[in-house]
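Okay, so here's the structure we're looking at.
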Amino acid sequence: MRPLILGVVAGMLVTVFSTWSENKLPLPKIDSEIEKDLLAWLHDHGKSPENYVLSKFADHDIIFLGEYHRIRHDAVLVQDLIPLLYLEGIRNLGIEFARARDQDAIDRLLTMDSFDEKLANTIFWNQWPFWGYKEYIDILRVAWEVNKNLSEEELPFRVIGLNARMDWSHVWSEEDRGNREVMKKVLPDGDSDEVMAETIRREILAKGEKALIYSGINHAYTKFQQPIVDEESGELVRLVSNRMGNRIYSEIGECCFTIFLHSPWPAVTGYSDPGVYPADGIIDALFSKMADEERRVGFDIVDSPFGRLRDTNSYWSHSAEDFRLDMYCDGWICQKPLSDYVGVTAVEGWFNESNRLDAIAQIANPDPRVKNKDVSVDDLMESLISDTDFKRRFKRFR
């Protein structure tokens, strides 16, 4: 049953490739002068991922941390950042993976005498039933632990649910997906990116506060405009300039900053093909020569030799004739080789007979074989778990 469920993430864009190459993708040879410049920059300016994120709050109010999704060390990095953020006076973490309309429940959870795991699970289920992953839910647990140790006079750390409500029970065919009236029912709060941007305005900017915003990278673009390409002709259809980060950048400009968490990019030919290394593989080739402790690092892209690296093999290269990394994001974090990536952990028993039909109703795939409710609990759990199998998904990378 899993192929019927796969590839239909609602509101949270995740790159899912339908074909996986058994052959390792070769890494390029780096020009010696370029390699020297890149290594010198890392030596002089690179920081640990945690210190890199914290350092950016010195002259920015909103830091967007953009991920691929479901990669364990990315979610753990956010967990590790929470107590450090609080010590630096930053009390807000916005997450794509919870709804803005559940903010009262989130605030209540994070100030309870004991952590209510059932309520935490419900908060994630409400956003989308197919996000039952321990490392994401533990973000709430870590924030609760920080607050548990505060005095009554100290303000609590907040995790802010950014996203819109989604209800995929209204989609039963591909025609429904293209029907504006049906999609209004699917997204009754409005477009996810606009809801997330409005939540940042209301909960953070209007209060004169700062925040780390953790989301899929496609929501986190500020200056970069995401290309939409006709995959048959290869022609650029349009550039998207209304993602969450684009909207915030249009209001506060350089007071926001986008950091990309290292991961593959979709191929120039489209999402249906296996992914490629970013920057035509130069970053991965460089880091393959470095010791493990050296390549866990955060570094600037803009105004650095990394920013001048070109990319011709990815989908993002359609956005400009001379596409460079400094057009894509402001900063970058690497933690380990792509071949070592491990997925997040599916919560045991996340699906059961009592919630099976509710989960099926929220599958975005309109295939009637799915929507007819013939999907078992085991099918649902298999779908949840297999989406975290990065040994399979990234096996072409080094």
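The values are calculated or read from the model by the stated rules, or taken from the named source; none is laboratory data. Given the structure is predicted, the values throughout are model-derived calculations rather than measurements. Cβ sites come from the backbone with ideal geometry, for glycine too, and all protein chains shown count toward neighbours.
Residues satisfying the criterion are present in the stretch 38-49 (criterion: at pLDDT 95 or above, polar (S, T, N, Q) and out of contact with any helix residue (DSSP H, G or I) (no Cβ under 6 Å at 6 or more places or on another chain)).
So if I check each of LEU325, LEU286, which one is buried (at least 18 other Cβ atoms within 10 Å of the Cβ) and under 20 Å from PHE257 (Cβ atoms)?
LEU325
Scan the stretch 357-374 for residues that are of a type in the set (D, E, K, R), modelled with pLDDT of 80 or more and in contact with a Phe, Trp or Tyr (Cβ under 8 Å, 6 or more places away or on another chain) and the total you get is 0.
Considering the stretch 122-145 alone, what residues qualify as being within 22 Å of GLU88 (Cβ to Cβ) and surrounded by 18 or more Cβ atoms within 10 Å (Cβ to Cβ)?
Those that are within 22 Å of GLU88 (Cβ to Cβ) and surrounded by 18 or more Cβ atoms within 10 Å (Cβ to Cβ): ASP138, ILE139, LEU140, VAL142, ALA143, TRP144.
Looking across SER241, SER215, one residue alone is farther than 23 Å from PHE97 by Cβ, at pLDDT 95 or above and of a type outside the set (D, E, K, R). It is SER241.
Scanning the stretch 264-283 for residues that are hydroxyl-bearing (Ser, Thr, Tyr) and surrounded by fewer than 22 Cβ atoms within 10 Å (Cβ to Cβ) turns up THR269, TYR271, SER272. Restricting attention to the stretch 347-362 and to residues that are in a loop (DSSP other than H, G, I, E, B) and of a type outside the set (D, E, K, R), the residue that is surrounded by the most Cβ atoms within 10 Å (Cβ to Cβ) turns out to be PHE351.
Listed by position, the helices (runs of 4 or more DSSP H) contained in the stretch 15-113 that have at least 2 residues being farther than 28 Å from ALA285 by Cα are 72-87, 103-110. Residues in the stretch 346-398 that are of a type in the set (Phe, Trp, Tyr) and farther than 18 Å from ILE137 by Cα were compared, and the one that is nearest to the chain's Cα centre (by Cα) is PHE390. State which residue is farthest from ALA364 (Cα to Cα) when the search covers only the stretch 114-125 and only residues that are part of a helix (DSSP H, G or I) and out of contact with any strand residue (DSSP E or B) (no Cβ under 6 Å at 6 or more places or on another chain). Among residues in the stretch 114-125 that are part of a helix (DSSP H, G or I) and out of contact with any strand residue (DSSP E or B) (no Cβ under 6 Å at 6 or more places or on another chain), the one farthest from ALA364 (Cα to Cα) is GLU117.
Among strands (runs of 3 or more DSSP E) entirely within the stretch 193-288, having at least 2 residues that are of a type in the set (Ser, Thr, Tyr) and in contact (Cβ under 8 Å) with a residue 60 or more places away in the chain singles out 211-216.
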